[in-house]
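Heads up: the structure comes next, in structure tokens.
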Amino acid sequence: MPLHKGPENPDERPMSVNPFFGDANPLGDMTEAPPKHRLPDRPLTPTIAYQLVHDELMLDGNARLNLATFVTTWMEPQAGVLMGECLDKNMIDKDEYPRTAELERRCVAMLADLWNAPDPGTAVGCSTTGSSEACMLAGMALKRRWSQRNADRYPGARPNLVMGVNVQVCWEKFCNFWEVEARQVPMEGDRFHLDPQAAAELCDENTIGVVGILGSTFDGSYEPIADLCAALDRLQERTGLDIPVHVDGASGAMIAPFLDPELVWDFRLPRVSSINTSGHKYGLVYPGVGWALWRSPAELPEELVFRVNYLGGDMPTFALNFSRPGAQVVAQYYTFLRLGREGYRAVQQTTRDLARGLAARIEALEDFRLLTRGDQLPVFAFTTAPHVSAYDVFDVSRRMRESGWLVPAYTFPANREDLSVLRVVCRNGFSADLADLFMEDLSRLVPQLRRQSHPFTRDKQRATGFHH
């Protein structure tokens, strides 16, 4: 979460409020609005408090039109009802809420089966607040296993983690917080993610693991997990180094099993020790829930698991936080139960078809060049065509926002800082009708942009809409 500080110049001036906010007497106690930056002196009625907060939130963007986020923005009303019924259940208290705990256990078992664990009955896993926490937990397990194997050298030796420069920022946070050197494979040419051989060459005796991304947030492409494991197999043959792989499947781990079943990326590869995903992305659940799974108990050091006597029961837990509502876990189980494999396949296929169709329509405008086409994650990235000089991707992003569309524009990282792109994330709830409206607005905008004398974005770092 972002860090916040208090206002430099708090506005505490009395302000009049709409008299009709009053429950009964439209003139009673409604001459001044409550202060914004200190607790009000007296209570408000629930109707007034709701209306004040509701009105301010109207200025947020429309989540359904946010093509930047991977996070689920639509669920069925029945899921919302279930979540409302479970908001007061503390997920950590498994003795008091044993059925909620059982639904969590079933979700782990379902994912272990979906990801082809050698023995789904012995695979271990847990729910988290999202993929970022799941990645932190997986990284902690990798570091602890490495430190156990190198007890004679650690803490003198500094551990490192190998990854592509395209990883989500949570991996940089992990390396910073847990004092691990981040070794990143840069982008090269039209390769926008990790190169397996380059990753293997960065490994040494201090490498705790290699992170493979099944679905890069930069362009929606899968990293070649099987090729990565093969490169590390060859490294082990030459050097004896046995480097585990963690698959960050924040998005792709809930796409590939249904749409790309022939793709080998999961626990079928013996070198894959752990996998994470975001239930609140293509798991189709409102934020925030994630999942972390390990191939077997051997991949998760026992000393990282806390066994807490909490309200009278012995409870194993592995988490960075403690209390959180059970609503999202219940919603995940509801969605697994509701859709099943065929339902998930239908939803994800529809989303991919929509992404591919929208990418083709954008390409047909002839002002843009596609980097990806939405045929892996239902996500595609595109930039302006070489002949376009009157505007850039940041102009497009800014002008589409005028119609309510949030389309991120951003510059790629190391070795491809010259490339600035737009990205569209298609999710369940972004319908064909909404895609048609998007194309109508973009098609209407392009002729206006062509008439510009030059691009208007000066500070591209501040203009970017890509933060996750």
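Okay, here's what the table says:
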{"read-out": "Qualifying residue in the stretch 338-361 (condition: more than 30 Å from K143 (Cα to Cα), open to solvent by 20 Å² or more (accessible area, probe 1.4 Å) and not in a helix (DSSP H, G or I))", "value": "no"}
{"read-out": "Candidate set: the stretch 129-164, residues that are under 17 Å from the mean Cα position of the chain (by Cα) and open to solvent by 20 Å² or more (accessible area, probe 1.4 Å); chosen: the one nearest to P413 (Cα to Cα)", "value": "S132"}
{"read-out": "Only one of N150, N160 that is more than 25 Å from V264 (Cβ to Cβ) and in contact with an Asp or Glu (Cβ under 6 Å, 6 or more places away or on another chain)", "value": "N160"}
{"read-out": "Residue in the stretch 369-390 that is assigned to a helix (DSSP H, G or I) and buried (at least 21 other Cβ atoms within 10 Å of the Cβ) present", "value": "no"}
{"read-out": "Among (1) at pLDDT below 95; (2) within 27 Å of F430 (Cα to Cα) - the single one F322 does not satisfy", "value": "(2)"}
{"read-out": "Residue list for the stretch 216-238, filter: open to solvent by less than 40 Å² (accessible area, probe 1.4 Å) and acidic (D, E)", "value": "D219, E223"}
{"read-out": "Residue match in the stretch 450-461 (condition: part of a helix (DSSP H, G or I) and modelled with pLDDT under 95)", "value": "yes"}
{"read-out": "Matching residues in the stretch 274-303 - criterion: being open to solvent by less than 10 Å² (accessible area, probe 1.4 Å) and farther than 18 Å from A319 by Cα", "value": "Y282, G283, V285"}
{"read-out": "Cβ-Cβ under 7 Å pairs, at least 6 apart or on other chains, the stretch 373-393 side closer than 13 Å to L422 by Cβ, far side part of a loop (DSSP other than H, G, I, E, B) and of a type in the set (D, E)", "value": "A381/D219; T384/D367; T384/D392; A385/E366; A385/D367; V388/D367"}
{"read-out": "Among (1) open to solvent by 10 Å² or more (accessible area, probe 1.4 Å); (2) of a type outside the set (A, V, I, L, M); (3) farther than 30 Å from L202 by Cα, the one test that C107 misses", "value": "(1)"}
{"read-out": "Where K94 falls short, out of the listed (1) open to solvent by 30 Å² or more (accessible area, probe 1.4 Å); (2) under 19 Å from R307 (Cα atoms); (3) of a type in the set (D, E, K, R); (4) within 25 Å of the chain's Cα centre (by Cα)", "value": "(4)"}
{"read-out": "Filter result (farther than 17 Å from P186 by Cβ, open to solvent by less than 20 Å² (accessible area, probe 1.4 Å) and in a strand (DSSP E or B)) within the stretch 391-419", "value": "A409"}
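The values are calculated or read from the model by the stated rules, or taken from the named source; none is laboratory data. Note that this is a predicted model, so its numbers are computed, not measured. Heads up, the Cβs are rebuilt from the backbone with ideal geometry, glycines too, and the neighbour counts pull from every protein chain shown. Areas reflect the complete protein model, heavy atoms only, side chains present, ligands, DNA and RNA absent. Shrake-Rupley method; radii C 1.70, N 1.55, O 1.52, S 1.80 Å.
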